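Heads up, the thing below is written out as C-alpha cells.
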Amino acid sequence: MRQAALLTVMYFRAYLRDRTAIFFSLVVPLMLLLIFGSLNLGAFGQVTLAIDDQANNAASQQFVATLRKIDTLSTKTQSTDDALPRLKRTELDMLLVIPTDFAIAPTRAGARVPTLTIYGNDARPQQVSVGESIVNEVITRLSFAVNQSAPVLNVQKQDVQGVRLRYVDFLVPGILGVNVMQLAVFSVAFALVADKRRGVLRRLMATPLRPSTFLVSQVFTRLIMATLQVLIMIGVAVLLFDVHPLGGILPLLLVCLLGSVLFLTIGFALAGWAETENQVPAIAQLITLPQFFFSGVFFSKEAAPALIRPITNLLPLTFLNDALREISVQGATLWDVRGSLLGLVVWTGIGLVLAIRFFRFDRF
Amino acid sequence: MSAIVTVRDLRKRYGDIEALRGISFDVQQGEIFGLLGPNGAGKTTTVEILEGLRKADAGDAIVDGIDVQKEPARAKARVGVQLQQSAFPENFSAKETVELFALCYGVTVDPLALLKQVDLVDKAGQRQEKLSGGQRQRLSIATALVNKPRVLFLDEPTTGLDPQARRNLWELVRGIRQSGTTVFLTTHYMDEAEVLCDRVAVMDHGKIIAMDPPRTLVAALLGRGFTKPVIQQQANLEDVFLDLTGHELRED
C-alpha cells in the first residue's frame with residue numbers, strides 16, 4: 001500500500017514534467033472549452049415541438065401532418081403530462097395542445113370557438129417565437145385552403161419557466177466527459193506502449209515489485225491528473241462562462257473518476273495489444289472519434305442518425321455525458337442518474353476483461 | 001567455494017526453435033562467470049530464466065539456494081539485473097531512477113552513494129534519458145545494486161560502448177566482484193571475456209560446448225596443435241586508439 005502510494009507520487013512527479021502530456025491533458029481541454037464555449041452553437045438549429053393531439057380527427061391529423069413537413073420544426077407526439085416536465089427541463093421548446101373540438105370548418109354562430117394552446121419555454125424565446133409564427137401561418141393556410149376564409153380559432157399562449165439552458169451550460173458536461181475519455185485512453189496507451197517497447201516494464205518485472213502494485217500506481221497517477229483536469233475545467237466554466245453546475249461539483253467529479261476508470265481499462269487493453277507507439281493513435285482514434293461525435297459532446301446525442309442511435313445510445317461516453325449533463329444542468333443526484341452509472345459500470349467490466357486479456361506482464 | 005547459481009538440464013522451446021537443449025553448469029560464489037556465444041545461441045534465454053523473467057520448459061535453476069521457477073519473487077530480491085536494453089521510465093532523474101528501483105525492492109538506499117560508486121554523482125539531477133550510452137549502462141548497474149544482490153546478472157553490458165566506456169565498465173565490474181558480489185555476464189566480445197572472466201561457458205545452438213577458465217581453453221586449443229600465423233606485434237589498433245584519445249571517460 002505504502003509502496004503503491006510512493007510509486008504514485010514518483011510517477012505523478014514525472015508526469016508533471018512531461019510537457020506533451022501536460023499540453024494534452026490541460027491545454028487542449030481548455031482550448032476546446034474556450035473555443036466551443038464562445039461559439040454559442042445553441043442559437044442555431046431547430047425548434048423542438050411536442051404535439052398533444054387530443055382531437056385526433058381528420059382536421060387535426062391534417063394539421064399535424066402539415067406541421068411535420070416543416071423542416072424548422074422537430075415534432076413529436078406526446079401527452080401534455082409527459083411534455084410539460086420536459087419543457088421545464090428545456091428538452092423541448094414548445095408544446096402544442098389540440099383541443100377535442102378542433103375543426104377547421106367554420107363554426108355555427110354561437111358555438112364555442114376551439115382554442116389551441118401553445119406552451120412556450122421562456123428560456124428559449126427565439127425558438128418559441130419562430131415556432132409560434134409557424135403554427136399560426138399553418139393554421140391560416142389550412143383555413144384558406146378549406147374555407148377560403150380566415151381561421152376561426154383561438155390561439156392561446158402560455159409561458160413555461162424552463163431551465164435557462166445556454167449552449168455553454170450544455171457544453172461543459174460534454175467537454176468534461178470527452179476530456180476524461182481522451183486523457184485516460186491516450187495517456188495510458190502512449191506511455192505504457194513506449195515503456196513496453198523500450199523494455200522498461202521488463203526491467204521493472206525483474207524486481208520483486210508486484211504487477212498489481214505497479215498498475216495501481218499507474219491508475220492513481222491518471223486519476224489524480226483527471227481530478228486536476230476536471231477541477232480546472234469546472235473552475236474556468238464557473239469563472240469565465242458563469243456556468244453553475246446545479247447538482248454540485250463533487251458528484252460531477254465522482255462521475256468523472258468512474259468514467260476515468262472505465263476508459264483507463266480501455267487504455268490498458270490498447271497498451272497491451274499495441275506493439276509500437278505508431279499503432280496507438282490509429283486504434284485510439286477509432287475508439288474515441290465516434291464517441292466524440294455521437295455521444296453528445298458538442299451537440300445533442302439525438303443528432304446521430306436515427307439508424308445508429310440504438311448503438312450510439314449505448315456508447316460508454318454517452319452514459320458518461322448523460323450522467324454529467326443531468327447532474328450539471330438539471331441538478332440530478334447520483335441516485336437519479338443510476339441508469340447511466342450502471343451503464344458505466346457494465347462498460348468498466350467489459351474494459352477490465354479486455355485489459356486482463358491483453359495487458360499481460362509475462363509477455364513483456 | 002560453493003556454487004551460488006546451479007543450472008541442471010535446462011530446456012526451453014519457442015515454437016519450432018529449441019533455444020535451450022538441456023544445459024547444466026554451476027557458478028561459484030565470488031567469481032566473474034561469462035556466458036559466451038554467437039547471437040541466438042541461447043545466452044539471453046538462460047539469463048532471463050535465472051532472473052525469473054522466463055519460465056523454463058524443464059530443468060532446474062537455483063540461485064542462492066532458491067528455486068527461481070518456484071519462488072521467482074524471492075529469487076528476484078536476491079539478484080541484481082541489467083537487461084540488454086537499459087531503459088528506464090522517462091522524466092525521472094538519475095537519482096530518482098535509483099530511488100524508484102529501491103522502492104521496487106522495498107529497500108532504503110543512499111542514492112548518491114550508489115551513484116558515486118558508478119561515477120555518476122555529478123549527473124544525479126539529470127534526466128536519465130539525457131545520459132550517454134555509457135552513463136546509462138552505469139546507471140543501470142547502480143539500479144541493479146540497490147538491493148545488495150548476491151549475484152549480478154549483466155546481459156551484454158558493453159555492447160555499443162566506446163573503448164573508454166568499456167574499460168571503465170570492466171573496472172566497475174571488478175570492483176563489484178571485489179565487494180563480494182558474484183557476477184554473471186553474457187558477451188560476444190572475446191577480449192572482454194578474456195580479461196574479465198574467471199571462467200567462461202561457450203554456448204552454441206542451445207548447448208554448452210565448452211566450460212573452463214579462458215586460459216585453460218586457450219591452452220587446450222594449443223595442445224590440440226592449433227597454430228595461427230603469428231605477427232609479432234606489441235600493440236594493436238585499440239592500443240593506438242587509446243593512446244591517441246586517452247583512457248579518460250567520454251561523456252557523450
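If you check A:A191 against the conditions, is it within 14 Å of chain B (Cβ to nearest Cβ) and in contact with a Lys or Arg (Cβ under 8 Å, 6 or more places away or on another chain)? Criteria not met by A:A191. Within region A:67-105, which residues are among the aromatic types (F, W, Y) and part of a strand (DSSP E or B)? Once the filter is applied, which keeps residues that are among the aromatic types (F, W, Y) and part of a strand (DSSP E or B), region A:67-105 yields nothing. Filtered by the rule that a residue be touching a residue at least 60 places away in the same chain (Cβ under 8 Å) and farther than 13 Å from A:L254 by Cα, region A:322-339 gives A:R325, A:E326, A:V329, A:Q330, A:G331, A:A332.
Of the residues making up region B:18-58, those that are over 19 Å from A:G199 (Cβ atoms), of a type outside the set (G, A, S) and in contact with a Gly (Cβ under 7 Å, 6 or more places away or on another chain) number 3.
As an exercise: evaluate B:R174 against (1) assigned to a helix (DSSP H, G or I); (2) over 13 Å from the mean Cα position of the chain (by Cα) and give the number of the one condition it does not meet. In the conditions (1) assigned to a helix (DSSP H, G or I); (2) over 13 Å from the mean Cα position of the chain (by Cα), B:R174 misses (2) alone.
Which ones in region A:334-350 are over 14 Å from A:L257 (Cβ atoms) and either open to solvent by less than 70 Å² (accessible area, probe 1.4 Å) or in a helix (DSSP H, G or I) (or both)?
We begin by selecting, within region A:334-350, every residue over 14 Å from A:L257 (Cβ atoms); these are A:335-340, A:342-343, A:346-347, A:349-350.
Selection gives A:V337, A:R338, A:G339, A:S340, A:L342, A:G343, A:V346, A:W347, A:G349, A:I350.
Criterion first (part of a loop (DSSP other than H, G, I, E, B) and within 14 Å of chain A (Cβ to nearest Cβ)) does B:P38 satisfy it?
no
Annotation for region A:158-169: no member residue is among the basic types (K, R) and farther than 26 Å from A:V329 by Cβ. Out of all the residues in region B:42-60, is one or more open to solvent by 10 Å² or more (accessible area, probe 1.4 Å) and of a type in the set (S, T, N, Q)? Looking through region B:42-60, at least one residue is open to solvent by 10 Å² or more (accessible area, probe 1.4 Å) and of a type in the set (S, T, N, Q). Within region A:3-27, being over 22 Å from B:F88 (Cβ atoms) and without any contact (Cβ under 8 Å) to a residue 40 or more places away in the chain holds for A:F23, A:V27.
So that you can scan it fast, the table gives a plain yes or no per residue for (1) in contact with a strand residue (DSSP E or B) (Cβ under 8 Å, 6 or more places away or on another chain); (2) over 29 Å from B:L161 (Cα atoms):
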residue	(1), (2)
B:A61	yes, yes
B:Q69	yes, yes
B:A73	no, yes
B:K76	no, no
B:V79	yes, no
B:A87	no, no
B:L100	no, no
B:T108	no, yes
B:D119	no, no
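Quick check on this structure: which one of B:V202, B:V240 is touching a helix residue (DSSP H, G or I) at 6+ places or on another chain (Cβ under 9 Å) and either open to solvent by 50 Å² or more (accessible area, probe 1.4 Å) or of a type in the set (V, I, T) (or both)? Just a single option satisfies the conditions, and that option is B:V202. Pick from B:V121, B:V173, B:V183: which is free of Cβ contacts under 8 Å to residues at least 12 places away in the same chain and of a type in the set (V, I, T)? Just one listed residue meets the conditions, B:V121. Among the residues of region B:73-86, the ones that are crowded, with 21+ Cβ neighbours inside 10 Å and either facing another protein chain (nearest Cβ under 7 Å) or more than 19 Å from A:A194 (Cβ to Cβ) (or both) come to 7 in all.
The residues listed here are A:A184, A:A194, A:A189; of these, the one that is closer than 22 Å to A:L262 by Cα, touching a residue at least 60 places away in the same chain (Cβ under 8 Å) and in contact with an Asp or Glu (Cβ under 6 Å, 6 or more places away or on another chain) is A:A194.
Yes or no, residue by residue, for (1) open to solvent by less than 20 Å² (accessible area, probe 1.4 Å); (2) closer than 21 Å to A:P211 by Cβ:
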residue: A:G248; (1), (2): no, no
residue: A:P305; (1), (2): no, no
residue: A:L314; (1), (2): no, no
residue: A:F319; (1), (2): no, no
residue: A:A323; (1), (2): yes, no
residue: A:I356; (1), (2): no, yes
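Out of (1) in contact (Cβ under 8 Å) with a residue 40 or more places away in the chain; (2) within 12 Å of chain B (Cβ to nearest Cβ), the odd one out for A:C256 is which? The number of the failed condition is (2). Evaluate region B:106-115: report whether one residue or more is free of Cβ contacts under 8 Å to residues at least 60 places away in the same chain, more than 14 Å from chain A (Cβ to nearest Cβ) and open to solvent by less than 10 Å² (accessible area, probe 1.4 Å). Checking region B:106-115: at least one residue is free of Cβ contacts under 8 Å to residues at least 60 places away in the same chain, more than 14 Å from chain A (Cβ to nearest Cβ) and open to solvent by less than 10 Å² (accessible area, probe 1.4 Å).
The values are calculated or read from the model by the stated rules, or taken from the named source; none is laboratory data. Everything numeric in this text was worked out from a predicted model, so none of it was measured. Here Cβ is always computed from backbone atoms with ideal geometry, including for glycine, and neighbour counts include all displayed protein chains. Each accessible area value is taken on the protein alone, full model and side chains, heavy atoms only, with ligands, DNA and RNA left out. Shrake-Rupley method; radii C 1.70, N 1.55, O 1.52, S 1.80 Å.
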